Amino acid sequence: MGSSEPTHKKSHLEYKPSGQVLLGISNAIVRLYREHFGRGPTGAKTYALDDVIVCVLRDGLTTVEKTLFEQGRADAVREMRSAFQDAVAERFTGAVEELTKLRVVAFMSQAHVDPDLAVEIFFLEGPLDDNGSLETDGDGEVVTLNGGV
């Protein structure tokens, strides 16, 4: 009669273990930074918790941005990063949607100059199957894998 199976399951063609999904997200975000800034972060760590994806990027400032910061213009760096995210938000959310097979309902981005960090946060229409975190270097090599991934 009653089944303990969920009413909606992803088919084997849709499902990827979240370790692969998190690695894909880290690599996609780093790739987008490289395409648009000419260089990407040297490290990325992506976390999944329920319906939230957080990608933390380290050491991604360009030489121009570092120069502006050294001259007291951190506000200009943050403003430029914010304008960049507005311009390419669809590419970021599209990459996450493709990898998770879930619609992104909200996307937020923030940059911090000292220390050199950026955060990309994605809210999904539903939870991921697993939670955890995966850290890569700037070349997409896995550094650490934690949690139920």
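The values are calculated or read from the model by the stated rules, or taken from the named source; none is laboratory data. Please read these numbers as outputs of a predicted model, since none were measured by experiment. Neighbour counts are summed over all protein chains in view; Cβ atoms, including those assigned to glycine, are modelled from backbone coordinates with ideal geometry.
For the residues 92, 107, 122, 69, the requirement of being buried (at least 17 other Cβ atoms within 10 Å of the Cβ), at negative phi, aromatic (Phe, Trp, Tyr) and not in a helix (DSSP H, G or I) singles out 122.
Among all residues of the stretch 49-66, there is none that is among the acidic types (Asp, Glu), part of a helix (DSSP H, G or I), on the phi < 0 side of the Ramachandran plot and modelled with pLDDT of 90 or more.
Residue 73 - would you say it is of a type in the set (Lys, Arg) and in contact (Cβ under 8 Å) with a residue 12 or more places away in the chain?
Numbers: of a type in the set (Lys, Arg): yes; in contact (Cβ under 8 Å) with a residue 12 or more places away in the chain: no.
No; evaluated as a whole, the condition is false for this residue.
Among the listed residues 135, 97, identify the single one that is under 18 Å from residue 23 (Cβ atoms), modelled with pLDDT of 95 or more and not hydrophobic (A, V, I, L, M, F, W, C).
Working: 135 fails: modelled with pLDDT of 95 or more.
Going through 135, 97 in turn, just one is under 18 Å from residue 23 (Cβ atoms), modelled with pLDDT of 95 or more and not hydrophobic (A, V, I, L, M, F, W, C): 97.
Could you tell me which numbered condition residue 25 fails, if it satisfies all but one of (1) within 21 Å of residue 105 (Cα to Cα); (2) of a type in the set (A, V, I, L, M); (3) modelled with pLDDT of 90 or more; (4) out of contact with any Cys (no Cβ under 7 Å at 6 or more places or on another chain)? The failed condition is (4).
Within the stretch 11-22, the set of residues being at pLDDT 85 or above and buried (at least 23 other Cβ atoms within 10 Å of the Cβ) comprises 21, 22. When the stretch 34-52 is limited to residues that are closer than 25 Å to residue 125 by Cβ and buried (at least 21 other Cβ atoms within 10 Å of the Cβ), the one that is farthest from the chain's Cα centre (by Cα) turns out to be 48.
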